[in-house]
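The values are calculated or read from the model by the stated rules, or taken from the named source; none is laboratory data. Predicted, not measured: the structure shown is a model, and the values here were computed from it. Cβ: placed from backbone, ideal geometry, glycine included. Neighbour counts: every protein chain shown.
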Amino acid sequence: MQHVKVPQDRIGVLIGEGGETMREIERRAEVRLDIDSESGSVAIEEVGDPVTGMVAPDVIRAVGRGFTPEAALSLLDDEMRAFELIDLQQHTRNKNDLQRQKGRLIGENGRTRELMEELTGAEVVIRGTTLGIIGQPEEVEAVRRATGMILDGAPHGAVYSFLERKHNELTRDFDIQPSD
């Protein structure tokens, strides 16, 4: 049995209306969840396929870090789909620096975060002291690199250019047609 801690304000999202989200996670991940809404502790017991059950903690962590239940459940749709958290505190000096860096990552009116999503195909959530990513390995890597560039002080224009190049590479890989 595994345990995952979920922030208090995300317990309701994890449970869902009338327990709907919790039941969907249990059904699709083949696990049984025991959610302590007081402490935020979630006990995960595998009841079916252990490989599917191994993804359940990431699904729950993703909901806890601010992803929609649908985005988190997408981790079960494709075994290559990955969830990654970047701890922004490891890359900042203090609270003020953390706030400044979060602002740079989000961008004006959320534009930088949106561009990360649009140009990579990954889903990106910035909450508390973390940046969460859900996507295919190459999408996650592109967001990780763009995040690193921003945290290292790169101008937004340079990051956007990098993301556009990555977008072209990622889409070109899918556009290759077999020759006759």
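In region 2-55, what residues are loosely packed, with under 14 Cβ neighbours inside 10 Å and on the phi > 0 side of the Ramachandran plot?
Correct list: G18, G19.
Give region 114-137 a look and list any residue that's over 10 Å from the mean Cα position of the chain (by Cα), surrounded by 16 or more Cβ atoms within 10 Å (Cβ to Cβ) and over 19 Å from Q101 (Cβ atoms), or say none.
L119, T120, G121, Q136
Assess whether I106 counts as being of a type in the set (A, V, I, L, M, F, W, C) and under 12 Å from the mean Cα position of the chain (by Cα). Give the steps one after another, and end with the answer.
On the way: of a type in the set (A, V, I, L, M, F, W, C): yes; under 12 Å from the mean Cα position of the chain (by Cα): no.
No: the conditions fail for I106.
Please work out if G19 is over 19 Å from the mean Cα position of the chain (by Cα), outside the structural domain of I133 (by TED's automatic domain parsing) and at pLDDT 95 or above. Walk me through it before giving the result.
Numbers: over 19 Å from the mean Cα position of the chain (by Cα): yes; outside the structural domain of I133 (by TED's automatic domain parsing): yes; at pLDDT 95 or above: yes.
Yes; evaluated as a whole, the condition is true for this residue.
Having 2 or more residues that are in contact (Cβ under 8 Å) with a residue 12 or more places away in the chain and either outside the structural domain of Y160 (by TED's automatic domain parsing) or acidic (D, E) (or both) is the bar; report the helices (runs of 4 or more DSSP H) wholly within region 36-121 that clear it.
On the way: elements: 50-53, 56-64, 69-73, 95-106, 111-120.
It comes to 50-53, 56-64, 69-73.
Could you list, ordered by first residue, the pairs with Cβ atoms under 7 Å in which the first is in region 144-170 and farther than 17 Å from L88 by Cβ and of a type in the set (K, R) and the second is surrounded by fewer than 13 Cβ atoms within 10 Å (Cβ to Cβ) and at pLDDT 95 or above, at least 6 apart or interchain?
none
Applying the selection to region 125-153, what residues are β-branched (V, I, T) and closer than 22 Å to R172 by Cβ?
I133, V140, V143
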